[in-house]
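Note sheet for the following structure.
The values are calculated or read from the model by the stated rules, or taken from the named source; none is laboratory data. In this text, all values refer to a predicted model and were calculated from it rather than measured experimentally. Methodologically, a virtual Cβ is constructed for each residue, glycine included, from the backbone with ideal geometry; neighbour enumeration extends over all protein chains shown.
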Amino acid sequence: MTETLAPAVTISASAAKRIGEILGAEPPGTMMRVAVSGGGCSGFQYGFTLDDARAPDDRVFDAGSALVVIDEVSLDFMKGSQIDFVDGLIGQSFQIRNPLAKSACGCGTSFSV
C-alpha cells in the first residue's frame, strides 16, 4: 500500500521522472530507498539505493512511476525536504533540499543539523 505525498517530503518533477526511468528498468515492486546515516564530512549523509522490500517503519511516497521509501528515523532528519534531480555541467545527481540542515558539504550528500 502506498501513501500520497505528505508535506514531510516532496519529490520534484525532475526527480520523479528520473526515478521512474530507473525503476522502469528494474523488476516490478522495486522502490528507491533514501536513508540518512551517520558519516560524511558534515556528520550525516544521504544514501540512495534500490530496494524491493518494505520494513514496518517505512513510509512510501508515490509520485506516479516514482516510488520512494524512507524509514521513520531518516524521515525525522528530512521533514520538509525536497528530493530533486539535477543534470548540470558537472554531472547528474539526486539532491536533497533539506530545511533542517544547518550546513552541508560541497557535494550535497552530507549535512549537519
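Of all residues in the stretch 78-100, those satisfying the criterion of being modelled with pLDDT of 80 or more and assigned to a loop (DSSP other than H, G, I, E, B) are Lys79, Gly80, Asn98, Pro99, Leu100.
Can you name the residue in the stretch 52-68 that is farther than 12 Å from Thr10 by Cα and modelled with pLDDT of 90 or more and, of all such residues, is surrounded by the fewest Cβ atoms within 10 Å (Cβ to Cβ)? Explain how you work it out, then say what you get.
Restricting attention to the stretch 52-68, the residues satisfying the condition of being farther than 12 Å from Thr10 by Cα are 52-59, 64-65.
Keeping just the survivors that are modelled with pLDDT of 90 or more gives 52-59.
Working: Asp52: 12, Ala53: 10, Arg54: 17, Ala55: 10, Pro56: 6, Asp57: 11, Asp58: 16, Arg59: 17.
If we take residues in the stretch 52-68 being farther than 12 Å from Thr10 by Cα and modelled with pLDDT of 90 or more, then Pro56 is surrounded by the fewest Cβ atoms within 10 Å (Cβ to Cβ).
Only residues that are surrounded by 12 or more Cβ atoms within 10 Å (Cβ to Cβ) and either assigned to a helix (DSSP H, G or I) or modelled with pLDDT of 90 or more (or both) were counted across the stretch 22-51, and they come to 14.
Number of residues in the stretch 56-72 that are in a strand (DSSP E or B) and of a type in the set (D, E, K, R): the value is 4.
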